[in-house]
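The values are calculated or read from the model by the stated rules, or taken from the named source; none is laboratory data. Just so it is clear, the structure is predicted and the values come from calculations on it, not from any experiment. Here the Cβ is made from the backbone with ideal geometry for all residues, glycine too, and neighbour counts use every protein chain on show. Protein only, heavy atoms only, side chains kept; ligands, DNA and RNA dropped before computing areas. Shrake-Rupley method; radii C 1.70, N 1.55, O 1.52, S 1.80 Å.
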Amino acid sequence: MIPIDDSPIVRDGKSLILAMDHGLEHGPVDFEDVPEKLDPSTVFETATHDAVTAMAVQKGVAEGYYPSYEDDVNLLLKLNGTSNLWMGEPDSPVNCSVDYAAELGADAVGFTVYSGSNHEVEMYEEFRDAQESAREHDLPMVMWSYPRGQGLKNDTKPGTISYATRIALEIGADIAKVKYPGSPEAMEHACKAAGDMKVVMSGGSKTSDYEFLSTVEAAVNAGCKGLAVGRNVWQREDPTQLLDALERVIYEEETADAALEATE
Ligand code: FBP
């Protein structure tokens with residue numbers, strides 16, 4: 001872990017990472033209700049909101065679209081990622097080097113690790129190479145810490161999420177992105193397990209404004225330093241309104257009720 005409070009991907013100690021790697025991870029099915037979002041420019045436009053500290057994309061999207069947004073959006077280049085067509089034990093091929101991410105103008109890099117998978121050993125070795133290269137470039141490493149595999153039936157159990165944040169600290173991440181473990185107490189324990197390393201919550205599939213903001217409020221109160229979210233923002237008709245509310249909940253630590261009232 002390196003001190004990253006001065007990094008452009010951190011604002012007042014917190015981060016709101018807008019993730020849009022779903023075209024690879026899930027496929028075009030995630031865009032069915034919002035077909036206009038198949039054009040990555042539309043999501044880059046959303047990422048220009050002040051609340052968003054970085055946008056996480058794969059290499060090809062960064063190559064094609066980031067040059068038009070480099071003045072207004074911070075880039076988090078996701079180094080690995082897999083398609084939903086892969087039916088084997090969880091794994092995630094490395095699609096981009098840190099050197100190339102830096103060349104594309106990345107402000108940070110991201111890496112998924114499926115601890116517990118039969119491919120854990122290789123994934124840790126790949127993470128090691130990427131993490132050490134990120135250090136050479138002074139780029140923060142955000143770890144998608146997702147325990148997953150045939151031996152793990154429930155990947156959001158409290159003990160599993162605490163283990164996920166701790167693994168991220170142990171192997172050298174600067175921010176761990178984890179799923180919500182179901183209760184504020186469990187999230188608090190997961191944040192404590194990470195020591196001083198920042199933990200951000202993963203967004204998950206789209207829910208109502210109130211449900212989503214309440215979970216974010218609970219996560220922030222439990223010690224989370226923000227959010228790495230995709231569908232819950234860009235699958236909305238008006239992502240700006242939700243980002244206005246998220247800005248209040250994450251950075252001003254307002255309640256979900258107050259944020260909704262102020263932004264509706
Ligand atoms: P969401 O907020 O839409 O869940 O996005 C976060 C994310 O980690 C993406 O970066 C990634 O594409 C997706 O979730 C992977 O989801 P899963 O592995 O749970 O299917």
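Within the range 220-232, the presence of at least one residue that is more than 14 Å from the ligand (Cβ to nearest atom), part of a helix (DSSP H, G or I), open to solvent by 10 Å² or more (accessible area, probe 1.4 Å) and touching a strand residue (DSSP E or B) at 6+ places or on another chain (Cβ under 8 Å) is confirmed.
Yes/no matrix, rows are residues, columns are (1) within 14 Å of the ligand (Cβ to nearest atom); (2) out of contact with any Gly (no Cβ under 6 Å at 6 or more places or on another chain); (3) outside any helix (DSSP H, G or I):
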{"residue": "I2", "(1), (2), (3)": "no, yes, yes"}
{"residue": "I17", "(1), (2), (3)": "yes, yes, yes"}
{"residue": "T42", "(1), (2), (3)": "no, yes, no"}
{"residue": "D71", "(1), (2), (3)": "no, yes, yes"}
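It is to be established whether one or more residues within the range 177-189 are on the phi > 0 side of the Ramachandran plot, surrounded by fewer than 18 Cβ atoms within 10 Å (Cβ to Cβ), within 16 Å of the ligand (Cβ to nearest atom) and within 12 Å of the chain's Cα centre (by Cα). The answer is no; no qualifying residue exists.
Close contacts from the range 46-73, counting a first residue that is at pLDDT below 95 and a second that is open to solvent by less than 20 Å² (accessible area, probe 1.4 Å) and within 14 Å of the ligand (Cβ to nearest atom), with Cβ to Cβ under 7 Å and a gap of 6+ residues or different chains, come to none at all. Considering the range 81-115, and only residues there that are open to solvent by 10 Å² or more (accessible area, probe 1.4 Å) and among the aromatic types (F, W, Y), the residue that is nearest to V10 (Cα to Cα) turns out to be Y100. State which residue is most open to solvent (accessible area, probe 1.4 Å) when the search covers only the range 11-59 and only residues that are of a type in the set (V, I, T) and more than 13 Å from the chain's Cα centre (by Cα). Within the range 11-59, the match that is most open to solvent (accessible area, probe 1.4 Å) is V29. Selection of the range 129-164 for residues being assigned to a helix (DSSP H, G or I), within 15 Å of the ligand (Cβ to nearest atom) and within 26 Å of V98 (Cβ to Cβ) yields only A164. Is it the case, given these coordinates, that L242 is open to solvent by 20 Å² or more (accessible area, probe 1.4 Å), in a helix (DSSP H, G or I) and either at pLDDT 95 or above or away from the ligand (no atom under 13 Å from the Cβ) (or both)? For L242, the condition - open to solvent by 20 Å² or more (accessible area, probe 1.4 Å), in a helix (DSSP H, G or I) and either at pLDDT 95 or above or away from the ligand (no atom under 13 Å from the Cβ) (or both) - is not met. For the range 19-40, which positions are without any contact (Cβ under 8 Å) to a residue 24 or more places away in the chain, acidic (D, E) and within 16 Å of the ligand (Cβ to nearest atom)? Hit for the range 19-40 is E32, nothing else.
For residues that are open to solvent by 20 Å² or more (accessible area, probe 1.4 Å) and under 21 Å from the mean Cα position of the chain (by Cα), tally how many sit in the range 245-264. The qualifying residues number 5. Scanning the range 246-261 for residues that are touching a Phe, Trp or Tyr at 6+ places or on another chain (Cβ under 9 Å), of a type outside the set (S, T, Y) and under 27 Å from D174 (Cβ atoms) turns up at least one hit.
I'm checking my understanding of the structure. Among residues of the range 200-219 that are assigned to a loop (DSSP other than H, G, I, E, B) and within 14 Å of the ligand (Cβ to nearest atom), which one is farthest from G110 (Cα to Cα)? Ranking the candidates gives T207 first.
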